[in-house]
Each structure stands twice: as C-alpha cells, then as structure tokens.
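The values are calculated or read from the model by the stated rules, or taken from the named source; none is laboratory data. Quick caveat, the model's predicted, so the values are computed rather than measured. Please note: Cβ atoms are built from the backbone with ideal geometry, for glycine as well, and neighbour counts cover all protein chains shown. For the accessible areas, the whole protein counts, side chains as well, though only heavy atoms, and no ligand, DNA or RNA atoms are used. Shrake-Rupley method; radii C 1.70, N 1.55, O 1.52, S 1.80 Å.
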Amino acid sequence: MHMKTPKTPIEVVVFDAYGTLFDVYSIGALAEKLYPGQGAALSVLWRDKQIEYTRLISLSDPNPQGSRHYQSFWDITRASLRYALARLSLAHTNANEDALMAQYAQLTAFPENLGVLQALRQRGVATAILSNGSPEMLQSAVHSAGMSALLDAVLSVDSVRQFKTTPTSYQMVQDHLGVSPSHVLFVSSNAWDALGATWFGFNTLWVNRQGLPHEAIGPRPHHMGQDLNEVLRVLG
C-alpha cells in the first residue's frame, strides 16, 4: 500500500535483515522435524526471546561506548534457543542445538528480494543492511542468498555494542555512509524497528508481511506494504 512519496530524494535504501530480507520462521520446518508438533511454537518463542534479550542488554546499560553486558547476536540467538527449549519442556541435545543454529546461519530469503535489489542497482540507488546480527551471521546469510554483489554495505551493530532501537545503532548509517537520515529509506518488517527508525528521522517503510496492526504508540511509518516490492513503488 503506497502512502506518500518521500519529500526529499532517497540516496540509500537500508534494510533490516532478520524478518525483512531473511525469513526467521523458515527454520520452523527443521524445528518441526526435530520436535514434532512443537516446531511453530519453538520458532516463535525463540524469536521473541531473542529480541527481548537485545532490549534487556541495551536498556540495562545504554552507554554511548557500548553496553558492558553486550553479547553478540549469535550468542544471544543460542541462549534464546536454549531458553525456548526449556520453556517448552523440550529435550535439549547438542546435536539438535547445533543443527538449528546452523540453519539459522542460512535462513531462507524471501522470494522477491533479489529482483528488488537488482532493480535498485539498475536505478543507481545505494543499498545497505543495518542489523543486530553479528558480522559472521550476516556474511553467511547474505552469501547464501546470493546478495553479496547487490549490497553496498552490511552494517552490524556489533561495532557499537548496542542493539536497535538505540539512536547509536541507527547513527551507524550516517557515520558509515555519509548520508543524512532524511535521505534514507529504512525498510523493516518489524514494527518496533520501523518505529524506532521513524523516531530517529529516517523515511520508513514497514513491510507488514503478517498483516499485523500498527503499534499503538508513536508515529506510524511513512509507508507500509506487504513485501519488498513496495520499495520500488515508494521510490516511484
């Protein structure tokens, strides 16, 4: 659903990674195979706990130089999996944990991604990722999805030791790419991320893949659509 054209020229499109470019719930098939009848529940609880831990760390010590409690997103993902297994009373084995983590490192990309990134490349629009993911996780996911040549930058909050939605995390875009927030289109499938980016000053597109309601606080994102093709419609 196209809402309105950006008032200032967009110089770079910045994508969130997990949930936006890569389907975090695509791991459900393996989870279901390992834990019959519990795959969907495990995937959802795992994801929710993962995000909860990032917020807990950043809120407990919002130091501009990075939280003392910081752990890499990979370590948080593993800890969240262990919690989810315990919460659902599912058997934990090293083999199952390693299999699920290996699958997480190569999540399925959404089908429209490559076409959208190729179209942006043809238009001469710069592209980047800004993600909570660790550099190694992002490199693996981007490479396995065939996106390496279609992205100008892959930015991990690991370098500032703060997770989104802290202003320091979003500031990475300006610091690394030299572009002001008003010239950025920030794209995320996570409503909380779109809201944080809107507060920061980016033009925002919420990719609402699941048909969820808007957040009940803060401004709405500038644009909303069902998949990444909305990026091309927003840019016109």
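Points worth noting:
- The chain: DSSP helices with Cα axial extent of at least 18 Å and average Kyte-Doolittle hydropathy no lower than 0.0: 39-60
- Ranking 52, 136 from most to least accessible surface, computed with a 1.4 Å probe over the protein chains only, gives 136, 52.
- The range 111-184 versus the range 28-93: alpha-carbon centroid distance in Å: 23 Å
- Of the Cα atoms belonging to the range 1-126, the radius of gyration and Dmax stand at 18.1, 53 Å.
- A crude spin-label estimate for the pair residue 93 and residue 171, with each label 7 Å from Cα along the Cβ direction, gives 4.8 nm.
- Between the residues 20, 10, 129, the greatest Cα displacement towards the positive end of the dipole of the chain, with unit charges on the Cβ of Lys, Arg, Asp and Glu, is found for 10.
- Within the chain: Cβ-based charge dipole about Cα centre, in debye rounded to nearest 20 (Lys, Arg +1; Asp, Glu -1): 320 debye
- Dipole magnitude for the range 51-129: computed about the Cα centre from +1 point charges on Lys and Arg Cβ and -1 point charges on Asp and Glu Cβ, it is near 160 debye.
- Gyration tensor verdict on the range 43-202 (Cα atoms; rounded if a/c is under 1.5, prolate if a/b is larger than b/c, oblate otherwise): oblate
- Under a 5 Å amide H cut-off, with hydrogens placed 1.01 Å from N, residue 15 pairs with 128, 129, 130, 187 among residues at least 5 apart or on other chains.
- Annotation: per residue accessible area for the range 102-150 equals 43 Å², rounded to a whole number [probe 1.4 Å, protein chains only].
- One quarter of the convex hull surface built on the alpha carbon atoms of the range 23-89 amounts to 4.8 nm², the projected area averaged over directions.
- Percent accessible area from carbon and sulfur atoms, the range 97-212, protein chains only, probe 1.4 Å: 50 percent
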